[in-house]
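The values are calculated or read from the model by the stated rules, or taken from the named source; none is laboratory data. Small disclaimer: the values here were computed from a predicted structure and weren't measured. Note that we place each Cβ from the backbone using ideal geometry, even for glycine, and neighbour counts take in every protein chain shown.
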Amino acid sequence: MSPVIRSALPSDEATWRKLWQGYCDFYETNLPDEVTQRTWKRILDPDSAVMCLVAEVDRQVYGFAHCVVHENTWETQPVCYLEDLYVAPSARGHGIGTALIEWLRNSMRAEGWARVYWMTRRDNDAARALYDRFTQADDFVRYVLRRA
């Protein structure tokens, strides 16, 4: 069965938090609860640039995509940054990640975004196998400055 892709609703919070924790565990990070609280609040805020899509099968949410649509200096149209994509381990291999990316690709065309872009760890082979079906990785290297 094809997943239904939709915006997150307030009633999705408990499931989203479980999935979010799985995502954080995968990336071996422990975020303060205030970050998780703020992220959820921004997801539900219609004035926030952060959006959350969820993938639902038989009324159960199995995955999410967090995105930010923003202006940029390389095109005249906005672009969409796919910041986080996660599918519950029990639901992987059933087209949920594909459906989330397809939804974004269709939105790119409908909304006039210049592009959708994302990154992942070099050694995230399972995710890269999915991503390589859509496009090849480019040769950019990421640098991160953090506030001391």
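Can you name every residue in segment 128-139 that is not in a loop (DSSP other than H, G, I, E, B) and not small (Gly, Ala, Ser)?
Selection gives 128, 130, 131.
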**Prompt:** Taking into account only those residues within segment 42-52 that are surrounded by 15 or more Cβ atoms within 10 Å (Cβ to Cβ) and either at pLDDT below 95 or out of contact with any His (no Cβ under 8 Å at 6 or more places or on another chain) (or both), which is farthest from residue 13 (Cα to Cα)?
**Reply:** 42
**Prompt:** Do we find a residue being assigned to a helix (DSSP H, G or I), of a type in the set (Asp, Glu) and crowded, with 16+ Cβ neighbours inside 10 Å anywhere in segment 4-16?
**Reply:** yes
**Message:** Could you check segment 96-127 and list, in sequence order, the residues that are at pLDDT below 95, assigned to a loop (DSSP other than H, G, I, E, B) and buried (at least 16 other Cβ atoms within 10 Å of the Cβ)?
**Reply:** 120
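Matching residues to (1) farther than 23 Å from residue 87 by Cβ; (2) in contact with a Phe, Trp or Tyr (Cβ under 9 Å, 6 or more places away or on another chain):
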site	(1), (2)
39	no, yes
46	yes, no
53	no, yes
56	no, yes
60	no, no
65	no, yes
70	yes, yes
76	yes, no
**Asked** What number of residues within segment 96-110 satisfy the criterion of being free of Cβ contacts under 8 Å to residues at least 24 places away in the same chain and either among the aliphatic types (A, V, I, L, M) or touching a Gly at 6+ places or on another chain (Cβ under 6 Å) (or both)?
**Response** 1
**Asked** Could you give every pair whose Cβ atoms fall below 6 Å, whose first residue belongs to segment 1-30 and is in contact (Cβ under 8 Å) with a residue 40 or more places away in the chain and among the β-branched types (Val, Ile, Thr), and whose second residue is assigned to a helix (DSSP H, G or I) and surrounded by 13 or more Cβ atoms within 10 Å (Cβ to Cβ), counting only separations of at least 6 or pairs across chains?
**Response** 5/99; 5/103
